[in-house]
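Engineer: Pasting a structure below so you can have a look.
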Amino acid sequence: MFHISDCKKFNRCKRLFLNDQVREKQPFVRFVRLDEAITDLAARKLHVGDHFLGKRGDDPALAIQALEQYDWLVKARFEYKDLRIKVPFLQRNGSGWRLYFLFAGLYPHADDMQFYCDTVWVLEKNGIELTDIRMIHLNADYVRQGNLNTEELFIVTDKLYNHRNNPTIDFAEAIRKSYTELDGLLERMKAADLASLPEPERKPKCASRQKCRYYHDCFPDEVREADNSILHLISSQHRYAMKKEGIGYLKDADPERIEGFLQQYAQIMADRNGGLFCDRAALLSWMEDIRYPISFLDFEWECFAVPPFDGMRPYDVLLFEYSLHILHEDGSLDHKVFLSVGDDRESLCRNLISDIPADGSLIAYNAIGAEMIRIRELAETFPEFQDELLSLNARMHDLQIPFERGVVYDVRMRGQWSLKTIMSMMDDPGYRNLEIAQGMEAVFQWRYLDREDHTEDLDKIYEDLKAYCSMDTYAMTVVYQWLKNMVKE
Ligand code: SF4
């Protein structure tokens, strides 16, 4: 038996499909918290009455029978030629049925068209006449106040959204345009020999958008590449071709096949210089406005699909922790950390404002893409703190800028510039001995803290979370000092 996800994998890469058929399934971990049963909430919006409710493992004959007995089917399982689907909502509509897809995001686009088309294909092969096709999705403008208002939480539409997130594409028409018969594909999937994996073939789909989970199995040599390998050339379309032709190192990159990004220039110059490149004038210019005491700030947060607290919209984030290292001119460091469970945003604001010195600069890594946005959101939610919060942003500097703009590059970065990568080059144990060593792991651990059924050692989780977030700000102080020394040299 196959699911639509198997069809997508087969279309993407036969080796990926076969790997997934034979290997143990990895547990699915959500990056966004979805505590509320989204189907139940959507059912309230659709005013679903007496209905058939499908379950995992149902015999598909049950759903076919239910078509005779009910006006609504929820999560019904249908099957055709071994392709099994789960249909969010079917509503009797005149002589046929209205199909509702449920999208637990804000703007359904046409990029999941195969899923929609394959669902329609299975339903129609089961003799179900679809007289209407709609989408129900979360409403980006809904702001929670008090109990969840499911009328406002969702939008029901017959449109998909374009790249500007405007609802302009006729959903049913888009399905009809992309619709294909699946018999041939399913036969090829069934005939695929599970015992023989095809040779891996490197294509953009191996690493575009999301890196394939078998990437390192398919291309094991890549992790063994030298630090200055041409394969680490950032945003390069031609690095694999150059490698194939015998151009193995950054310093030998073909100038005709370099896109010309500043980072690429920094990478090539670093290799030519023996490993390190620094544009000292540019670095000095980035540093010249930074004043002591310097407050290094890092937030941790959780993202909720359905807003759990007042003032939050779908997919808003909830800050639950910050760490602050304060570097004084004499080299001494102070450290403060705030960590809470549940909705403690107001006291987080108060503590943040009182913990950060009134003078001096603030630094965060990826401040423009994260900390400054979070501070603006807090200022919007708590107007009483607005002036003080926005004045923090006015003093903020982004430590990522010298790396992202090719001002500094060390070949040991291997084409990456995350704080952890840079910290790993320093003469400091850094993240190596921490129980929690990744941002998402911190979020997963925090999820245990507000559960009543937890069995974990909560004190330990608290300590690990504090240690992780504190390491982020400590790492910034180390990297900042490294840059400062570079300017002096
Ligand atoms: S890395 Fe590429 S070749 Fe290997 S399984 Fe994934 S998509 Fe297929």
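Engineer: Taking K and R as +1 and D and E as -1, what net charge do the other residues with C-beta under 11 Å from the C-beta of residue 172 add up to?
Structural biologist: Working: positive: 98, 134, 159, 176, 177; negative: 132, 158, 170, 173.
Around residue 172, the charge tally is +1.
Engineer: Quick one: if the Förster radius is 30 Å, what FRET efficiency do residue 180 and residue 22 give, using the C-beta to C-beta distance and rounding to 0.05?
Structural biologist: 0.65
Engineer: Given H placed 1.01 Å from N in the peptide plane, which residues other than close sequence neighbours of residue 2 have an amide H under 5 Å from its amide H?
Structural biologist: When sequence neighbours closer than 5 places are left aside, the close amide H contacts are 83, 84.
Engineer: For the range 175-277, just say rounded, prolate or oblate: build the C-alpha gyration tensor, square-root its eigenvalues into a ≥ b ≥ c, call rounded for a/c under 1.5, and beyond that prolate if a/b exceeds b/c, oblate if not.
Structural biologist: On the way: a/c = 3.40, a/b = 2.13, b/c = 1.59.
Note, shape of the range 175-277 comes out prolate.
Engineer: With Kirkwood's inverse mean 1/r over C-alpha pairs for Rh, give me the Rg to Rh ratio of the range 32-191, two decimals please. Don't jump to the answer; show the numbers that get you there.
Structural biologist: Numbers: Rg = 16.2 Å, Rh = 16.7 Å.
My calculation of the ratio gives 0.97.
Engineer: For a paramagnetic label modelled at 7 Å from the Cα of residue 95 toward its Cβ, which residues of the range 123-140 fall within the zone defined by backbone nitrogen distances under 15 Å?
Structural biologist: Label zone hits: 128-132.
Engineer: Taking each pair of distinct Cα atoms in the chain once, what is the resulting Kirkwood hydrodynamic radius in Å? Walk me through the numbers before you get to the answer.
Structural biologist: Working: mean 1/r = 0.0379 Å⁻¹.
After inverting the mean inverse Cα-Cα distance, the result is 26.4 Å.
Engineer: For the pair residue 432 and residue 288, what calculated FRET efficiency results from E = 1/(1 + (r/R0)^6), where r is the Cβ-Cβ distance and R0 = 45 Å, to the nearest 0.05? Walk me through the numbers before you get to the answer.
Structural biologist: Numbers: r = 34 Å, r/R0 = 0.74.
Working from the Cβ atoms, E equals 0.85.
Engineer: Another question about this same structure. Could you please put 95, 285, 470 in sequence from largest to smallest accessible area, using a 1.4 Å probe?
Structural biologist: Values: 95 105, 285 65, 470 20 Å².
Reading off the accessible areas and sorting them downward yields 95, 285, 470.
Engineer: If you take every DSSP beta bridge fully contained in the chain, what fraction is antiparallel? Give it as a percent rounded to 5. If you can, show how the numbers build up before the last one.
Structural biologist: Working: 41 of 57 bridges.
Taking every DSSP beta bridge with both residues in the chain, the antiparallel ones total about 70 percent.
Engineer: Follow-up question, since we're still on this one. With a sphere of radius 11 Å drawn around the Cβ of residue 45, what net charge do the other residues whose Cβ falls strictly inside it have (Lys, Arg +1; Asp, Glu -1)?
Structural biologist: Working: positive: 44; negative: 40, 151, 152.
Taking every Cβ under 11 Å from that of residue 45, the sum is -2.
Engineer: For residue 243, put the label point 7 Å out on the Cα→Cβ axis and report which residues of the range 387-416 keep their amide N under 15 Å from it.
Structural biologist: Answer for this model: 414-416.
Engineer: Something else about it: List, in the order given, every pair from 9/177; 86/159; 8/190 whose Cα-Cα distance in the structure shown is over 18 Å. Numbers along the way, then the final one.
Structural biologist: On the way: 9/177 21 Å; 86/159 21 Å; 8/190 14 Å.
Over 18 Å apart, Cα to Cα: 9/177; 86/159.
Engineer: Next question. Between residue 225 and residue 440, what is the label-point separation in nm under the 7 Å Cα-to-beta-carbon projection?
Structural biologist: Here the answer is 2.2 nm between the modelled labels.
Engineer: Further question on the same structure: With every protein chain left in place, what is the accessible area of residue 464 in Å² (1.4 Å probe, nearest 10)?
Structural biologist: Residue 464 has an accessible surface of roughly 30 Å² with all protein chains in place.
Engineer: Given an 8 Å cut-off on Cα distances and at least 6 residues of separation, report the relative contact order of the chain as a percent. Don't skip to the answer; put the middle values down first.
Structural biologist: Numbers: 742 pairs, mean separation 61.0, N = 489.
Taking the mean separation of contacting Cα pairs over the length of the chain, I get 12 percent.
Engineer: Still on this structure, please answer the following. Cross-link partners among aspartates and glutamates for residue 460, C-alpha distance below 17 Å, same-chain residues fewer than 8 apart left out?
Structural biologist: 321, 435, 441, 450, 452
Engineer: How would 302, 404, 225, 199 line up by accessible area, probe 1.4 Å, largest first? Can you show the working numbers first?
Structural biologist: Details: 302 0, 404 70, 225 30, 199 155 Å².
Ranked list, largest accessible area first: 199, 404, 225, 302.
Engineer: Moving on to the next point. So, for the range 285-488, what is the accessible surface per residue at a probe of 1.4 Å, expressed in square angstrom? Provide the component values of the computation, followed by the final result.
Structural biologist: On the way: 8800 Å² over 204 residues.
Counting only protein heavy atoms, the per-residue value for the range 285-488 is 43 Å².
Engineer: Just need the relative contact order of the range 150-258 here, percent rounded to a whole number, with Cα pairs under 8 Å and 6+ apart.
Structural biologist: On the way: 55 pairs, mean separation 12.4, N = 109.
It rounds to 11 percent for the range 150-258.
Engineer: Here is a follow-up. About its Cα centre, what dipole magnitude does the chain give when the only charges are +1 on Lys and Arg Cβ and -1 on Asp and Glu Cβ, stated in debye to the nearest 20?
Structural biologist: That gives a dipole near 1860 debye.
Engineer: Could you compute the FRET efficiency for residue 315 and residue 254, with r as their C-beta to C-beta distance and R0 at 51 Å, rounded to 0.05? Please report the intermediate quantities before stating the final value.
Structural biologist: On the way: r = 43 Å, r/R0 = 0.85.
Efficiency computed from Cβ-Cβ geometry: 0.75.
Engineer: Can you sort 310, 472 by 1.4 Å-probe accessible area, starting with the largest?
Structural biologist: Working: 310 75, 472 10 Å².
Largest accessible area first, the residues go 310, 472.
Engineer: Say the dipole of the chain comes from +1 at the beta carbon of Lys and Arg and -1 at that of Asp and Glu; which of 189, 154, 401 then lies farthest toward its positive end?
Structural biologist: Value computed over the given set: 189.
Engineer: Subtract the Cα-Cα distance of residue 328 and residue 394 from 0.36 nm times their separation in residues, and report this length gain in nm to one decimal.
Structural biologist: Values: separation 66, 0.36 × 66 = 23.76 nm, distance 1.97 nm.
Computed gain between residue 328 and residue 394 is 21.8 nm.
Engineer: Suppose the chain between residue 350 and residue 373 were pulled fully straight at 0.36 nm per residue; how much longer would it get relative to their current alpha carbon spacing?
Structural biologist: Numbers: separation 23, 0.36 × 23 = 8.28 nm, distance 1.77 nm.
Computed gain between residue 350 and residue 373 is 6.5 nm.
Engineer: Can you run phi through the Karplus equation (6.51, -1.76, 1.60; θ = phi - 60°) for the range 93-98 and list ³J(HN,Hα) in whole Hz, with x for Gly and Pro?
Structural biologist: Using θ = phi - 60°, the values come out as 9, x, 7, x, 9, 9 Hz.
Engineer: At a 1.4 Å probe radius, carbon and sulfur cover how many percent of the accessible area of the chain? Please report the intermediate quantities before stating the final value.
Structural biologist: Details: 11510 of 24730 Å².
Taking all protein chains in place, the chain shows 47 percent carbon and sulfur surface.
Engineer: With every protein chain left in place and a probe of 1.4 Å, what is the accessible surface of residue 47, to the nearest 10 Å²?
Structural biologist: About 130 Å², ignoring ligands and nucleic acids.
Engineer: If only Cα atoms are counted, what is the Rg of the range 285-488, and what is its Dmax, in Å?
Structural biologist: Cα-based Rg and Dmax for the range 285-488 come out at 17.1, 55 Å.
Engineer: Of all beta bridges DSSP finds with both residues in the range 32-191, what is the antiparallel percent, to the nearest 5? Write out the running numbers ahead of the final one.
Structural biologist: Working: 20 of 29 bridges.
Taking every DSSP beta bridge within the range 32-191, about 70 percent pair in antiparallel fashion.
Engineer: Let me ask something else about it. Just to confirm a number: summing +1 for Lys and Arg and -1 for Asp and Glu over residues other than residue 133 whose beta-carbon lies under 15 angstrom from that of residue 133, what do you get? Can you show the working numbers first?
Structural biologist: Working: positive: 92, 98, 134, 159, 176, 177; negative: 112, 118, 124, 129, 132, 158, 170, 173.
In short, -2.
Engineer: How much accessible surface area, in Å² rounded to 10, belongs to the heavy atoms of residue 476 with a 1.4 Å probe?
Structural biologist: That residue has around 0 Å² of solvent-accessible surface.
The values are calculated or read from the model by the stated rules, or taken from the named source; none is laboratory data. Treat the numbers as computed from the prediction; the structure is a model and nothing was measured. As a convention, Cβ positions derive from the backbone with ideal geometry for all residues, glycine included, and neighbour counts pool all protein chains shown. Please note that ligands, DNA and RNA were not included when accessible areas were found on the heavy atoms of the full protein model with its side chains. Shrake-Rupley method; radii C 1.70, N 1.55, O 1.52, S 1.80 Å.
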